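A.B. asks: Got a structure for you, questions after.
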Amino acid sequence: MDEISLKVNGRRQTVTVDPETPLLFVLNDELGLRGPRFGCGLAQCGSCAVLIGGQVMRSCVMPVKAVGSREVTTLEGLGTLEKPHPIQQAFIDEGAAQCGFCLSGVILTAKAMLDAKPAASDEEIRVALGGVLCRCFTHTRMLKAIRKYADGKKANAVPA
Amino acid sequence: MQSRREFLRTGGALVVSFGAGSTLVAQGPFDTHPSHIDPKKLDSWLAVGADGMVTAHTGKCDFGQGIYTAQSQLVAEELCVPLSRVKLIQCDTDVTPDQGTTSGSQSTPTNFNAENLALAAATAREALLGMAAAKWGVEADTLRVKDGVISDGSARSVRYEELIGGKRFDLAVNRSAKRRPAAEWTVMGKPIHALEQAALMTGQFEYVQAVRVPGMLHGRVVRPLGMGATLVSVDRASVAKIPGVRVVVRKNFVGVVAETQHHATMAARQLSVKWNPGPALPAQSTYYEHLQKQPSRDSLSVDSGDSSREFSVRARYTYPHQMHGSVGPSCAVADVKADGVTVWSATQSVYPTRSIVAKLLDVPIEKVHVQFVRGSGCYGLNGADAVSFDAAMLSQAVGKPVRLQYSRQDEMMWENLGAACVIEQRASLDAGGKIAAWDREDWVTSLGSRPGYDKTGNVISGVLVGFEPDSPKPGAARAPTGRLRNQSNTVPCYFAACIGGSCQGGGTIRRERALTHTVKSPFFTGPLRSPLRIQIHSRTNVSWMSCARQRRRIRWRSGSRI
């Protein structure tokens, strides 16, 4: 067991765990976070997605020791119930979830993609989300929510 | 921190007043088992708190289909209170009436029509109006109610909580209570998003996977490779080096628990277990032909009795076993103590699950509490029931609360799959190109299914500890009843130009038969939204209808496959 210091959702925290423990288990069990969830355990579905240094990563296969000094952001780190992040608000407005289990993968992947490429086309968004599974088939509403967020982001962008 | 039960007890003072204790048979088409919460009593269904909050109880739970929101709207509408003032508690054997299983698209008919939750809310509204009328010495039908405030049209008004707040109604649900007419609806019929959307999108929602209780250990199961395998030996030394691991063995059930998920996962992977393999599986390449050769339990939905086997058009449809494929594999938390058992479960059937847990643990059913907590999307009988049983067995064995998370492999290999089937369609057309004869024969696989209240062997957990699954007993078909029982949509509606009636010479068909052979499946099967119904039988029937009728134009080849 090692003491490991992590910065998660803006807060620095120390956990005492086996350094090989997948980051997902640390987030769920040591830090009590509910956003990232165990889906396949094989980095194939996206339910466990988190942002690490702005990149979407699958936390179920990443040992906690590999995080290093990079900051981890989970779905609950974007916004709150009272003040959701604009992409979360777009999903709320579109009712873009049925069971909702896959949302970390969907929302964080879309956000990371649009942060990197704000003018992404629908096709590019679809390709980016190709590796994120939603078994309820809520895709149409999700894509609508993502488009709404992307358009809002463009409209609010300050011209360089 | 409060425990969940303490929260329920203290957070809802009015919950204490709910009508538990009596033993009566539940009513309604889906309430088939005695329940300890009397659905005839209004207090079993809802209460108005001193703060005006309405707490309502339902035995139909939400796993993503939106019924939590819809039922909350129903209660708000019938009681004439704002939606924000309704708190719905779903599927908890300590407080909600037994409404069987949330399945088969039956939640709306069960709770929105002429009984149960809808009627309870309507009864409560009428009772409150009656109380206000008595207080003011006027007729109840002269009063109005809006947002939980009753008024007489002048200056007098009274709030629900002033009349009943925190107290029992002590009334029976009135079967003739008047429902709010649709024309006056202010809450129902208005499109809103599911109430939990914001919690979902911000990662705050509590799935059963997120339930944590003090002192909880993490469990994993170790399964054999196939049905019918038996345990030879378990080498506990193979995991001795992993911190805090305990191995649990009960007949052919093998599991591990540890203080962390990481160590439980490692132990499940590394535990050395020897199995005697069960019977080999049939070859996949000839699976459907294999099914058609198996002994079967036959049933005739309809048979005109004409023995002629000549048809001019034929087609054969095959449909594979399908998994539910929930994104998150099933998970449950169980806490088995000497004085009682609590299971947090994503089951669609809290009361049946309670009954099976009692049987598996050999404890009195009264001591078992099953509380529904939503899991990953469920589309029929996925692993949610089995994981609840397994978690309870692990907790009982180690004397601590256990959270059991299935791996993707556990879920895929052992959930009750959708039934594979073969469907053969045959027809003859008359000179005018109309269908004159229609013969439909299908082979459907079956093994296990929902455990219900007493079929412990219908899912993997029960079989591993020695219970038998339901399996079709071969036998010839009995005569058709003459009435088309089209529950599984095996009977083409075109046969009879009606569903649930009989043909009686209507339409163009003069010769008709629908014969089903149910054969034993090599895999567990169960409901999956739902191959026996809409997705398969109806689709093949409809597809066949179009094909058969276009025979002249498309030159259908005899015996061709679709």
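The values are calculated or read from the model by the stated rules, or taken from the named source; none is laboratory data. Everything quoted here is computed from the prediction, not taken from an experiment. Don't worry about glycine lacking a Cβ; one is built from the backbone with ideal geometry, like all the others, and counts go over all protein chains shown.
A.B. asks: Which one of these is more than 13 Å from chain A (Cβ to nearest Cβ) and of a type in the set (K, R): B:R223, B:R212? Write out each step before concluding.
C.D. replies: On the way: B:R212 fails: more than 13 Å from chain A (Cβ to nearest Cβ).
After ruling out the rest, the residue left standing is B:R223.
A.B. asks: Filtering region A:57-74 down to residues that are in a loop (DSSP other than H, G, I, E, B) and among the hydrophobic types (A, V, I, L, M, F, W, C), which residue is nearest to the chain's Cα centre (by Cα)? Let's see the steps before the verdict.
C.D. replies: Taking region A:57-74 first, the residues in a loop (DSSP other than H, G, I, E, B) are A:59-62, A:67-70, A:74.
Right, trim to among the hydrophobic types (A, V, I, L, M, F, W, C) and you get A:60-62, A:67.
Details: A:C60: 13, A:V61: 15, A:M62: 15, A:V67: 16 Å.
It comes out as A:C60.
A.B. asks: Filter region B:244-258 for residues that are within 14 Å of chain A (Cβ to nearest Cβ), surrounded by 17 or more Cβ atoms within 10 Å (Cβ to Cβ) and outside any strand (DSSP E or B) and give the result.
C.D. replies: Correct list: B:V245 only.
A.B. asks: Please verify whether region A:75-96 includes one or more residues that are buried (at least 24 other Cβ atoms within 10 Å of the Cβ), within 7 Å of chain B (Cβ to nearest Cβ), of a type outside the set (D, E) and not in a helix (DSSP H, G or I).
C.D. replies: No, there is no match, as no residue in region A:75-96 is buried (at least 24 other Cβ atoms within 10 Å of the Cβ), within 7 Å of chain B (Cβ to nearest Cβ), of a type outside the set (D, E) and not in a helix (DSSP H, G or I).
A.B. asks: Determine whether B:E184 is surrounded by fewer than 14 Cβ atoms within 10 Å (Cβ to Cβ) and either more than 14 Å from chain A (Cβ to nearest Cβ) or among the basic types (K, R) (or both).
C.D. replies: Working: surrounded by fewer than 14 Cβ atoms within 10 Å (Cβ to Cβ): yes; either more than 14 Å from chain A (Cβ to nearest Cβ) or among the basic types (K, R) (or both): yes.
Criteria met by B:E184.
A.B. asks: I need a count of the residues in region A:25-54 that are more than 12 Å from the chain's Cα centre (by Cα) and at the interface with chain B (Cβ under 10 Å from one of its Cβ atoms).
C.D. replies: 14
A.B. asks: Tell me which residues, restricted to region B:213-243, are part of a loop (DSSP other than H, G, I, E, B) and exposed (fewer than 15 other Cβ atoms within 10 Å of the Cβ). Working first, answer last.
C.D. replies: Taking region B:213-243 as the starting set, the residues that turn out to be part of a loop (DSSP other than H, G, I, E, B) are B:213-216, B:222-229, B:240-243.
Once the filter is applied, which keeps residues that are part of a loop (DSSP other than H, G, I, E, B) and exposed (fewer than 15 other Cβ atoms within 10 Å of the Cβ), region B:213-243 yields B:P214, B:G215, B:L225, B:G228, B:A240, B:K241, B:P243.
A.B. asks: Related question: Any idea which residue in region B:200-209 is nearest to the other protein chains (Cβ to nearest Cβ), counting only those that are of a type outside the set (D, E) and under 18 Å from B:A346 (Cα atoms)? Outline the logic, then answer.
C.D. replies: Of all residues in region B:200-209, those of a type outside the set (D, E) come to B:200-205, B:207-209.
Then keep just the ones that are under 18 Å from B:A346 (Cα atoms); that gives B:200, B:204-205, B:207-209.
Values: B:L200: 4, B:Q204: 6, B:F205: 6, B:Y207: 7, B:V208: 11, B:Q209: 6 Å.
The qualifying residue nearest to the other protein chains (Cβ to nearest Cβ) is B:L200.
A.B. asks: Let me ask something additional. Please determine, by comparing only the residues of region B:401-432 that are crowded, with 23+ Cβ neighbours inside 10 Å and among the β-branched types (V, I, T), which one is farthest from the other protein chains (Cβ to nearest Cβ).
C.D. replies: It comes out as B:I423.
A.B. asks: Kindly provide the set of residues from region A:100-158 that are assigned to a helix (DSSP H, G or I) and polar (S, T, N, Q), ordered by number.
C.D. replies: So in region A:100-158, the residues assigned to a helix (DSSP H, G or I) come out as A:103-116, A:122-131, A:139-156.
If the condition is that a residue be assigned to a helix (DSSP H, G or I) and polar (S, T, N, Q), then A:S104, A:T109, A:T140, A:N156 are the ones that fit.
A.B. asks: Considering only helices (runs of 4 or more DSSP H) fully contained in region B:259-369, which possess at least 2 residues that are modelled with pLDDT of 95 or more and surrounded by 21 or more Cβ atoms within 10 Å (Cβ to Cβ)?
C.D. replies: Working: elements: B:261-270, B:287-293, B:350-361.
By residue number, B:261-270, B:350-361.
A.B. asks: Okay, moving on. Please state which one of B:L225, B:L217, B:L163 is outside the structural domain of B:Q261 (by TED's automatic domain parsing) and either touching a Leu at 6+ places or on another chain (Cβ under 9 Å) or at pLDDT below 95 (or both). Before you say what the answer is, go through the steps one by one.
C.D. replies: Working: B:L225 fails: outside the structural domain of B:Q261 (by TED's automatic domain parsing); B:L217 fails: outside the structural domain of B:Q261 (by TED's automatic domain parsing).
Of B:L225, B:L217, B:L163, the one residue that is outside the structural domain of B:Q261 (by TED's automatic domain parsing) and either touching a Leu at 6+ places or on another chain (Cβ under 9 Å) or at pLDDT below 95 (or both) is B:L163.
A.B. asks: Inspect region A:65-72 for any residue being out of contact with any Gly (no Cβ under 6 Å at 6 or more places or on another chain), more than 8 Å from every other protein chain (Cβ to nearest Cβ), more than 22 Å from A:R147 (Cα to Cα) and buried (at least 20 other Cβ atoms within 10 Å of the Cβ) and give the result as yes or no. Spell out the reasoning first.
C.D. replies: Of region A:65-72, the ones out of contact with any Gly (no Cβ under 6 Å at 6 or more places or on another chain) are A:65-69, A:71-72.
Within this subset, residues satisfying the condition of being more than 8 Å from every other protein chain (Cβ to nearest Cβ) are A:65-69, A:71-72.
This time we only want the ones that are more than 22 Å from A:R147 (Cα to Cα), so: A:65-69, A:71-72.
Then keep just the ones that are buried (at least 20 other Cβ atoms within 10 Å of the Cβ); that gives A:67, A:72.
The answer is yes; a qualifying residue exists.
A.B. asks: Considering only region B:386-443, state which residues are of a type in the set (F, W, Y) and either at pLDDT 95 or above or touching an Asp or Glu at 6+ places or on another chain (Cβ under 6 Å) (or both). Lay out the reasoning, then the answer.
C.D. replies: Taking region B:386-443 first, the residues of a type in the set (F, W, Y) are B:389, B:406, B:414, B:438, B:443.
The answer is B:F389, B:Y406, B:W414, B:W438.
A.B. asks: Considering region A:97-121 alone, what residues qualify as being of a type in the set (A, V, I, L, M), more than 10 Å from the chain's Cα centre (by Cα) and facing chain B (nearest Cβ under 9 Å)?
C.D. replies: A:A97
A.B. asks: Tell me which residues, restricted to region A:122-156, are crowded, with 16+ Cβ neighbours inside 10 Å, of a type in the set (D, E, K, R) and away from chain B (no Cβ under 14 Å).
C.D. replies: Within region A:122-156, A:R147, A:K153 qualify.
A.B. asks: Within region A:3-18, how many residues are surrounded by 12 or more Cβ atoms within 10 Å (Cβ to Cβ) and either on the phi > 0 side of the Ramachandran plot or within 10 Å of chain B (Cβ to nearest Cβ) (or both)? Outline the logic, then answer.
C.D. replies: Initial filter on region A:3-18 (surrounded by 12 or more Cβ atoms within 10 Å (Cβ to Cβ)): A:4, A:6-9, A:13, A:15, A:17-18.
Now restrict to residues that are either on the phi > 0 side of the Ramachandran plot or within 10 Å of chain B (Cβ to nearest Cβ) (or both): A:9, A:17-18.
Final tally of qualifying residues: 3.
A.B. asks: Considering only region B:91-111, state which residues are buried (at least 22 other Cβ atoms within 10 Å of the Cβ) and either of a type in the set (S, T, N, Q) or more than 15 Å from B:Q348 (Cα to Cα) (or both). Don't jump to the end; show me each part of the working.
C.D. replies: Going through region B:91-111, the residues buried (at least 22 other Cβ atoms within 10 Å of the Cβ) turn out to be B:91, B:93, B:96-102, B:107, B:110-111.
B:T93, B:T96, B:Q99, B:T101, B:T102, B:S107, B:T110, B:N111 - these are the residues of region B:91-111 that are buried (at least 22 other Cβ atoms within 10 Å of the Cβ) and either of a type in the set (S, T, N, Q) or more than 15 Å from B:Q348 (Cα to Cα) (or both).
A.B. asks: Considering only region B:151-171, how many residues are under 17 Å from B:V75 (Cα atoms) and either hydrophobic (A, V, I, L, M, F, W, C) or within 14 Å of another protein chain (Cβ to nearest Cβ) (or both)?
C.D. replies: 2
This table checks each residue for (1) touching a Phe, Trp or Tyr at 6+ places or on another chain (Cβ under 9 Å); (2) assigned by TED's automatic domain parsing to the domain that holds B:F523; (3) of a type outside the set (K, R).
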| site | (1), (2), (3) |
| --- | --- |
| B:V402 | no, no, yes |
| B:I423 | yes, yes, yes |
| B:R440 | yes, yes, no |
| B:S449 | yes, yes, yes |
| B:G457 | yes, yes, yes |
| B:A476 | no, yes, yes |
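A.B. asks: Name the residues in region B:414-469 that are of a type outside the set (V, I, T), under 21 Å from B:S355 (Cα atoms) and in contact with a helix residue (DSSP H, G or I) (Cβ under 6 Å, 6 or more places away or on another chain), would you?
C.D. replies: B:G448, B:S449, B:P451, B:G452, B:Y453, B:G457, B:S461, B:G462, B:F467, B:E468, B:P469
A.B. asks: Return only the number of the condition from (1) more than 25 Å from the chain's Cα centre (by Cα); (2) more than 14 Å from chain A (Cβ to nearest Cβ); (3) under 17 Å from B:T342 (Cα atoms) that B:L361 does not satisfy.
C.D. replies: Just one mismatch for B:L361, condition (1).
A.B. asks: Oh, and also: Let me spell it out: the conditions are (1) under 24 Å from B:N541 (Cβ atoms); (2) not assigned by TED's automatic domain parsing to the domain that holds B:D306, and B:Q371 meets all of them except one. Which number is the exception?
C.D. replies: (1)
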